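S.K.: Handing you a structure now.
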Amino acid sequence: MFPGHCKEVSVRHVDFALTEESIKTFLSGKRAYIRTKYFVMTNGREWAVAQIEKEELNGVLQPIVSVSIVSLPDETSFVDDTDLDVLSASKMGRLRESKGTRCVVVRGRSEHVSFFVDQQPFELTVVDVVPPSPSKLVGLVDDVLDSQLQDTFVKFEVVELDINELSGTSGSGPVLFPCKASGLEHDNLLGYLDGTPPLTPEQVHRASLVGCSLSARIFKALYGAEPRLVNMCPVDLIKQRRVDGPVLTKCCKIKEGYDLQGDVAIVPWGARATDVAAAIDALIRCRAGPP
C-alpha cells in the first residue's frame, strides 16, 4: 500500500498508547477532510497508520464511518529525511526494505509525510549498450524511479551489451563505430561513421561496422557497398540472448515515445525521462493484464 499523494495522509499527535482499540476509538465519530484517506498517528515514541472510510457528503469535512488498521507500532518504523521525496514509490519501497519493518512512515522533503506498506516490487530488466558505463538509459531509469514520474515500486537489474566485446568478434580487420563514445577501443579503428571518414576501396571492402541496420544503410549511402555488420542493436540482441521480460531497452528506429512488443518496451536512442516513465508504466499494465 502506498498513498497516491501525501495530501491523502493526515498526521495526528496523540497522548495515548497506539493500540487498535485506542486508534479506532479516537477516530470513530470524527470528521475528516474530503481528501484524507489515511491517518498517521504518533505519541512521540510510537507510530501507527489507519485507513478510513467517510460518508460522501457535500462539504470539505465528512463524517468517518469506518476505521481499519494499516499498521501498529510493532510493525512500523519512522524515518525523518528532508532529502527524500515521499511521492517516489521506489525510494519509499527501498527504504521500507532497508528498515525491515512491514511499514515505514517518512517525513521527507518540505516536511511532507507519507508511508509505504510491504509490497512486492515490479521486477524490470534494463538492457543497453556500453560504453560509456553506466549507460544513459540506466541513468534515466534511476532518475524516473527517484522522482514523482513513477508511482509503482520498481526494482531493476541491468544487462550491459559491451560494444568493445562485440567489436572483438569482427576479426583483425579495420573497424568503424557509429559514433564516438568514451571508452570505445579497437586496435584497428578506422573512425566513426557519423564523422564520415574517407575510406579507400580496400578499406571499404575489409571494414567491419559495429552498428545496426540503420548504420548499415548509412554506410552503404556513404561508400556504395554493404558493410560487414557486427550487430549491436539491443532489440536484436535481446532476442538472440533470450533475455526474459519485462525488459526496457532502446532503438534508433523509435522516433519518440515508446513501442511495446510483448513484454519488451523500446524507447528512442535519445530518450527523455518522460519516454522512459511512460514505457515502464506500459510494462506494468501489460504484466498486470486486463482490469
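S.K.: For K99, work out the one condition from (1) under 22 Å from the mean Cα position of the chain (by Cα); (2) touching a residue at least 40 places away in the same chain (Cβ under 8 Å) it doesn't fulfil.
M.R.: Among (1) under 22 Å from the mean Cα position of the chain (by Cα); (2) touching a residue at least 40 places away in the same chain (Cβ under 8 Å), the lone unmet condition for K99 is (2).
S.K.: Being part of a strand (DSSP E or B), within 16 Å of V105 (Cα to Cα) and either touching a residue at least 60 places away in the same chain (Cβ under 8 Å) or not hydroxyl-bearing (S, T, Y) (or both) is the filter here; which residues of region 1-37 pass it? Walk me through how you get there before you give the answer.
M.R.: Quick first cut of region 1-37, residues part of a strand (DSSP E or B) only: 9-13, 31-33.
Still in the list and also within 16 Å of V105 (Cα to Cα): 9-13.
Answer for region 1-37, where residues must be part of a strand (DSSP E or B), within 16 Å of V105 (Cα to Cα) and either touching a residue at least 60 places away in the same chain (Cβ under 8 Å) or not hydroxyl-bearing (S, T, Y) (or both): V9, V11, R12, H13.
For every residue, the table says whether it meets (1) crowded, with 18+ Cβ neighbours inside 10 Å; (2) in contact (Cβ under 8 Å) with a residue 12 or more places away in the chain; (3) closer than 17 Å to V14 by Cβ; (4) not small (G, A, S).
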residue: F39; (1), (2), (3), (4): yes, yes, yes, yes
residue: I69; (1), (2), (3), (4): no, yes, yes, yes
residue: L72; (1), (2), (3), (4): yes, yes, yes, yes
residue: L84; (1), (2), (3), (4): yes, yes, no, yes
residue: V104; (1), (2), (3), (4): yes, yes, no, yes
residue: D118; (1), (2), (3), (4): no, yes, no, yes
residue: V127; (1), (2), (3), (4): yes, yes, no, yes
residue: P132; (1), (2), (3), (4): no, yes, no, yes
residue: V138; (1), (2), (3), (4): yes, yes, no, yes
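S.K.: On to the next question. When only residues in region 59-79 that are of a type in the set (A, V, I, L, M) and in a strand (DSSP E or B) count, which is nearest to the chain's Cα centre (by Cα)?
M.R.: Narrowing region 59-79 to residues of a type in the set (A, V, I, L, M): 60-61, 64-65, 67, 69-70, 72, 79.
Going one step further and asking which of them are in a strand (DSSP E or B), we end up with 61, 64-65, 67, 69-70, 79.
Values: L61: 37, I64: 36, V65: 38, V67: 34, I69: 30, V70: 27, V79: 23 Å.
For region 59-79, the residue satisfying everything is V79.
S.K.: Right, next: So, in region 183-215, how many residues would count as being among the small types (G, A, S), under 32 Å from the mean Cα position of the chain (by Cα) and surrounded by 18 or more Cβ atoms within 10 Å (Cβ to Cβ)? Break it down into steps so the answer makes sense when it comes.
M.R.: Kept after step one, since they are among the small types (G, A, S), are these residues of region 183-215: 183, 191, 195, 207-208, 211, 213, 215.
If we keep only those that are under 32 Å from the mean Cα position of the chain (by Cα) too, we end up with 183, 211, 213, 215.
If we keep only those that are surrounded by 18 or more Cβ atoms within 10 Å (Cβ to Cβ) as well, we get 211, 215.
Residues that pass the stated criteria total 2.
S.K.: Also: Within region 240-272, track down each residue that is closer than 25 Å to F153 by Cβ, modelled with pLDDT under 95 and hydrophobic (A, V, I, L, M, F, W, C).
M.R.: The answer is V243, and nothing else.
The values are calculated or read from the model by the stated rules, or taken from the named source; none is laboratory data. The structure presented is a predicted model; accordingly, all values stated were derived computationally and were not measured. Glycine gets a Cβ as well: all are built from the backbone with ideal geometry, and neighbour counts include every protein chain shown.
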